[in-house]
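A.B. asks: Quick one: the structure is below, and I'll ask about it shortly.
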There are 2 protein chains.
Amino acid sequence: MKAEHINPFLTSAVEVFSTMLNCDLKRGAPTLNAAFQPAHEVSGIIGLSGKASGVVVVSVDREVAIGVTEKMLGERPDSLNADVMDAIGEITNMIAGRAKTGLAHLEMNLALPTVITGNDHVIRFGSLAKTISIPYSCAWGDLTVEVGLIEEDEAAAAAKKPMMAGV
Amino acid sequence: MKAEHINPFLTSAVEVFSTMLNCDLKRGAPTLNAAFQPAHEVSGIIGLSGKASGVVVVSVDREVAIGVTEKMLGERPDSLNADVMDAIGEITNMIAGRAKTGLAHLEMNLALPTVITGNDHVIRFGSLAKTISIPYSCAWGDLTVEVGLIEEDEAAAAAKKPMMAGV
């Protein structure tokens, strides 16, 4: 991923948590092209497509998921219920949407979010994608924003390669 | 979801399993707008966006994941390793891609696939999406193709709402 494509993702989560949830995120050191992605307990996933193809995963601790939902709904959920999953889907949508506005030249649209729960779930990006994993912490706990993107030139090159090569 | 938008998804998994894997899928009764989605052990997720926004989830038993990978790579994996996750990502990509060709008027592009593993993971679609869940069985075991889509008229209405960071 080019630096100018990474930057909008470095700031979007901080901005969304600050403006929507009045919550300060502290950013850790990003990792490029990490392999397997051990996730936190709740993960929102949303695709982007247009002149580039991408996916954004926002994976959060249980306590972050509860805190986000309490802030959005004004009531503390007592479990990882449908409200929590909807809240994390909405936050994922906002983080990807805000980053997208910084990548207007890629003319990407958002797909629909899905939200995964499960104690030990692992999320893997396709092996062609260049990924960045950005850890954050806040008063509620830890979260990670992971982004995979295949840019125009790479997509054209990848189309010429055999499918399962270079795993 | 309109019937003409459902039909390509009813046939795409059967066609991909038949042509790519020489495996016959038997289709069960589809369910509309199911709420929580208890998933099989391995799930491929891919977004679509354009004049409609969607997401396709292909969730498969462990034995289906192993069988698909063995067929694609010519070697049986001994665990749910990176090869298995890449194979399920590729199959998810193909199923969504084939359905997309039957929905050319929606001008959707594919986002990047991600693949989830985890014994008890649950996948939830955003509450705005109209969903269909289609169960299949084959010699290897069971799988489900789940599709969520927000169609043109709904997407148009959404586009008139102010966006968070204003494109």
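The values are calculated or read from the model by the stated rules, or taken from the named source; none is laboratory data. Computed from a predicted structure; not experimentally measured. Neighbour counts run over all protein chains shown; Cβ positions are idealised from the backbone, glycine included. These area figures cover heavy atoms from the full protein model, side chains too; ligands, DNA and RNA do not enter into them. Shrake-Rupley method; radii C 1.70, N 1.55, O 1.52, S 1.80 Å.
A.B. asks: Rounded to the nearest 20 Debye, what is the dipole magnitude of chain B about its Cα centre when Lys and Arg each give +1 and Asp and Glu each give -1 at the C-beta?
C.D. replies: 560 debye
A.B. asks: Put a dot 7 Å past each Cα toward the Cβ at A:Asn7 and A:Leu32; how far apart are the dots in nm?
C.D. replies: Reported label-point gap for A:Leu32 and A:Asn7 is 1.6 nm.
A.B. asks: Amide H of A:Ala39: which non-local residues (sequence gap of 5 or more, or other chain) have their own amide H closer than 5 Å, using H built in the peptide plane?
C.D. replies: A:Ile123
A.B. asks: If you don't mind, another one. For the pair A:Asn22 and A:Lys51, how long in nm is the line joining their label points, each one 7 Å along Cα→Cβ?
C.D. replies: 4.0 nm
A.B. asks: So what's the back-of-envelope 222 nm ellipticity for the protein assembly as shown, counting only DSSP H runs of four-plus at -39500 (n - 2.57) apiece and dividing by all residues, rounded to 500?
C.D. replies: About -11500 deg cm²/dmol.
A.B. asks: Of A:Pro30, A:Ile66, A:Ala3, which is farthest on the positive side of the dipole of segment A:1-68, counting Cα position, with +1 on Lys and Arg Cβ, -1 on Asp and Glu Cβ, and the Cα centre as origin?
C.D. replies: A:Ala3
A.B. asks: Find the percent of Cα-Cα distances in segment B:37-77 that exceed 16 Å, and round it to a whole number.
C.D. replies: The proportion of pairs with Cα distances above 16 Å equals 51 percent.
A.B. asks: Let me ask something else about it. Keeping all protein chains in place and using 1.4 angstrom, which order do A:Leu143, A:Leu73 fall into by accessible surface area, from largest down? Don't skip to the end; give the middle numbers.
C.D. replies: Details: A:Leu143 0, A:Leu73 100 Å².
In descending accessible area the options line up as A:Leu73, A:Leu143.
A.B. asks: Can you list the residues, at least 5 places off or on another chain, whose amide H is less than 5 Å from the amide H of A:Ala111, using H built in the peptide plane?
C.D. replies: Amide H neighbours of A:Ala111: A:Gly47, A:Leu48, A:Ser49.
A.B. asks: Per residue of segment A:56-67, in order, report the coupling 6.51 cos²θ - 1.76 cosθ + 1.60 (Karplus, θ = phi - 60°) as ³J(HN,Hα) in whole Hz, putting x for Gly and Pro.
C.D. replies: 10, 10, 10, 10, 10, 4, 3, 5, 5, 4, 5, x
A.B. asks: Contact order normalised by length for chain B, with contacts defined as Cα pairs under 8 Å and 6 or more residues apart; what percent is it?
C.D. replies: Contact order relative to length: 35 percent.
A.B. asks: How big is the A/B interface in buried accessible area, both sides summed, 1.4 Å probe, to the nearest 100 Å²? Before the final figure, lay out the partial values.
C.D. replies: Details: alone 8570 and 8750 Å², together 14090 Å².
What A and B bury together is about 3200 Å².
A.B. asks: Here's another thing I want to ask about it. Using the Karplus equation 6.51 cos²θ - 1.76 cosθ + 1.60 (θ = phi - 60°), what ³J(HN,Hα) coupling, rounded to whole Hz, does each residue of segment B:91-101 give in order, writing x for Gly and Pro?
C.D. replies: Values per residue, Gly and Pro as x: 5, 4, 4, 5, 5, 5, x, 5, 4, 4, 5 Hz.
A.B. asks: ³J(HN,Hα) across segment A:130-139 via Karplus (A = 6.51, B = -1.76, C = 1.60, θ = phi - 60°), whole Hz, x for Gly/Pro?
C.D. replies: Rounded to whole hertz, the list is 7, 10, 9, 10, 10, x, 9, 9, 8, 4.
A.B. asks: Next up: Other chains' Cβ within 10 Å of A:124-131 residues: what's the mean?
C.D. replies: Values: counts 12, 7, 12, 6, 4, 4, 0, 1.
Counting Cβ atoms of other protein chains within 10 Å of each residue's Cβ and averaging gives 6.
A.B. asks: Per the Kirkwood formula on distinct C-alpha pairs, the Rh of segment B:3-155 is how many angstrom?
C.D. replies: Numbers: mean 1/r = 0.0652 Å⁻¹.
Result for segment B:3-155 stands at 15.3 Å.
A.B. asks: Looking at the P(r) of the protein assembly as shown, how many percent of alpha-carbon pairs lie beyond 29 Å? Please list the in-between numbers first.
C.D. replies: Numbers: 17931 of 55611 pairs.
Percentage above 29 Å: 32.
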